[in-house]
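Undergrad: One structure follows; several queries about it will come next.
The values are calculated or read from the model by the stated rules, or taken from the named source; none is laboratory data. This structure is a prediction, so every number in the text was calculated from the model and none was measured. Here the Cβ positions follow ideal geometry from the backbone for every residue, glycine too, while neighbour counts run over all protein chains shown.
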Amino acid sequence: MTGTSGRKAAMAKKNSASARPLRMKIKKGDHVVVTAGRDRGREGTVILADPERQRVLVQGVNMVRKNKKVDYQGARGAKEGGITNTEAPIHVSNVQLVDPDTKKPARAGFRYDDDGHKVRISRPGGKDF
């Protein structure tokens, strides 16, 4: 009987953690550099940010080949399909924002300006992104 109560507690813990809104410090349009993985050191712009899955899609990074089925016709009636290259999402922990002044990877932080608006800043320098 103790096995089932432990499972229920684990499920309750999992559900309570997922109820909290997930946040990311990286947004769409940010200039980032990849810090881990096979594309380490490559830079690009964030195309899509998915806070729920904690993943970002970076332009030109983590390219994968996909087989596209020939199932519709193009503009001139030619059938389109074959192998296409597209970006795949990578985890947000594997990218860092690029500081616009120093052009180096920087951590992101927050501060409130005089009007009370939340502003993202680079952590080592303190400049606004």
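Undergrad: Is there any pair with a first residue in the stretch 52-74 that is polar (S, T, N, Q) and a second that is at pLDDT below 85 whose Cβ atoms are under 6 Å apart and which are 6 or more apart or on different chains, and what are they?
TA: Listed by first residue and then by second, the contacts come to GLN73/LYS79.
Undergrad: Read through the list (1) exposed (fewer than 10 other Cβ atoms within 10 Å of the Cβ); (2) under 19 Å from VAL56 (Cα atoms), then give the number of the only condition that ASP114 fails.
TA: Tallying (1) exposed (fewer than 10 other Cβ atoms within 10 Å of the Cβ); (2) under 19 Å from VAL56 (Cα atoms), ASP114 fails exactly one: (2).
Undergrad: Being among the hydrophobic types (A, V, I, L, M, F, W, C), within 20 Å of LEU48 (Cβ to Cβ) and in a strand (DSSP E or B) is the filter here, so list the residues in the stretch 87-126 that pass it.
TA: ILE90, VAL95, LEU97, VAL98, ALA108, listed by residue number.
Undergrad: Confirm whether THR2 is of a type in the set (S, T, N, Q) and modelled with pLDDT of 60 or more.
TA: No: the conditions fail for THR2.
Undergrad: For VAL56, indicate whether it is farther than 24 Å from ILE121 by Cβ, out of contact with any Phe, Trp or Tyr (no Cβ under 6 Å at 6 or more places or on another chain) and not small (Gly, Ala, Ser).
TA: Spelling it out, it is not the case that VAL56 is farther than 24 Å from ILE121 by Cβ, out of contact with any Phe, Trp or Tyr (no Cβ under 6 Å at 6 or more places or on another chain) and not small (Gly, Ala, Ser).
Undergrad: Sticking with this one: Can you name every one of the strands (runs of 3 or more DSSP E) wholly within the stretch 41-86 that holds 3 or more residues which are over 24 Å from the mean Cα position of the chain (by Cα)?
TA: Answer list for the stretch 41-86: 63-73.
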